[in-house]
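To keep things clear, I will list the structure first and then write my remarks on it.
The values are calculated or read from the model by the stated rules, or taken from the named source; none is laboratory data. Note that the structure is predicted; figures quoted are calculated from it, not measured. Please note: Cβ atoms are built from the backbone with ideal geometry, for glycine as well, and neighbour counts cover all protein chains shown. These area figures cover heavy atoms from the full protein model, side chains too; ligands, DNA and RNA do not enter into them. Shrake-Rupley method; radii C 1.70, N 1.55, O 1.52, S 1.80 Å.
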Amino acid sequence: MVTFEFVTKETSKTKALSHEKNYTFTKFTTFFIVILGLLSTSNGHAQPCVGNQITLTLDNIVATENTIEYDVFLKNTGVTPLYFSAYAGNVLYSDNMLPIGATGTLEVVDQPSATDFPGIGPNTLSPHHDSSRRSLRWTFFPSIFPYTAAPLLAANVNYKFARFRFTSSIPWDLDTVGSLVFNTDFSQGATLNVPIVFCNQNTLSTAISFANGLLILNIGGESGTEGATINFRLLSNVEMVGNSPMIAFPNPFGEGFTLKSDRNSADLVTVKVYDMLGKVIEQRQVIASELSKQELGTSYQSGLYNVTVLQGNQQQTIRVIKK
């Protein structure tokens, strides 16, 4: 075996080269440290403050034959003063919701309001649909900075962050059960929901995330279910079994609506109204000839409702929208 040993003889030239390399490395290191310093004083992330907590809520789902709209709300539910900087997020839909062969498009219906979020720029949110992950996500740029320009998130105030619309190029399949849920799985590069805030007037921002236990993900309103999936049934505007089609008027409605039909019999008719979670919110039983005199929906919140009318062996479902 032959072993080669390389020996470098240090000369005045090599000393000069060594000094030059060391000087170059020192300059680069100093430059790198300066850049890091600038980043840390601009929009870096600090350690979270004790007592931080934000609750995100999905609510006010309204569907048509090929669209779904929903609101995202944001609320400071912690004990620390928070100032809003940014929020990029991601909502997932169920794997059977988008019809086979359809393409989906996500758009922002309502951008964050400058009234609720002073200092925010126009068209701050950029929506993105990723069909491979069933992902409806959005980016936020630019963030609100510095902390002195960031709006206060008052404690326990439910701020409407934005409203989104997801459109399918093919109408939903009749009676499809769809679902939406905030994403909590970051595998394969999936985007999470991460509000960025300033806390206790710190000059550096901090992330509020599900991973650090500071983010509550809610559905179905402020008193909804934490960490759950919101389910809803997609129907055509009129689904009718039997004869004598019935219509709801007006639809969409503001105060209330009535059901109009040519049914004039003395038979009993059962009317049930369901919200998008499948909960019965109103039920009446009246004589068919008196049905058109019944006003429904006067106490409903804005959103989508399914009205089922049953008379004997005939059943009809009508979708109504409260403005």
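A compact table of results
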quantity	calculated
Residue check for Gly89: over 25 Å from Lys323 (Cα atoms) and under 11 Å from the mean Cα position of the chain (by Cα)	yes
Cross-chain or 6+ apart pairs with Cβ under 6 Å, segment 47-68 first and under 21 Å from Phe198 (Cα atoms), then among the charged types (D, E, K, R) and open to solvent by less than 40 Å² (accessible area, probe 1.4 Å)	Thr55/Lys75
Residues of segment 95-112 satisfying the condition of being surrounded by fewer than 19 Cβ atoms within 10 Å (Cβ to Cβ), in contact with a His (Cβ under 8 Å, 6 or more places away or on another chain) and closer than 11 Å to Arg134 by Cα	none
All positions within segment 72-99 that are out of contact with any Phe, Trp or Tyr (no Cβ under 8 Å at 6 or more places or on another chain) and of a type outside the set (A, V, I, L, M, F, W, C)	Asn76, Thr77, Gly78, Thr80, Pro81, Ser94, Asp95, Asn96
Filter result (touching a residue at least 24 places away in the same chain (Cβ under 8 Å) and either open to solvent by 10 Å² or more (accessible area, probe 1.4 Å) or farther than 14 Å from Tyr87 by Cβ (or both)) within segment 205-214	Ala207, Phe210, Ala211, Asn212, Leu214
Every pair of residues 6+ apart whose Cβ atoms lie under 7 Å, when the first sits in segment 161-181 and is among the acidic types (Asp, Glu) while the second is modelled with pLDDT under 80 and open to solvent by 60 Å² or more (accessible area, probe 1.4 Å)	Asp175/Arg233
Of all residues in segment 215-238 being among the polar types (S, T, N, Q) and open to solvent by 70 Å² or more (accessible area, probe 1.4 Å), the one that is modelled with the highest pLDDT	Asn231
Qualifying residue in segment 266-275 (condition: surrounded by fewer than 19 Cβ atoms within 10 Å (Cβ to Cβ), under 14 Å from Phe253 (Cα atoms), of a type in the set (Val, Ile, Thr) and under 38 Å from the mean Cα position of the chain (by Cα))	no
Arg163 being under 18 Å from Ala88 (Cα atoms), in contact with a strand residue (DSSP E or B) (Cβ under 9 Å, 6 or more places away or on another chain) and open to solvent by 70 Å² or more (accessible area, probe 1.4 Å)	no
Test set (1) in contact with a strand residue (DSSP E or B) (Cβ under 9 Å, 6 or more places away or on another chain); (2) open to solvent by 70 Å² or more (accessible area, probe 1.4 Å) - Glu282 fails condition number	(2)
Check on Leu92, open to solvent by 30 Å² or more (accessible area, probe 1.4 Å) and either of a type in the set (Lys, Arg) or at pLDDT below 90 (or both)	no
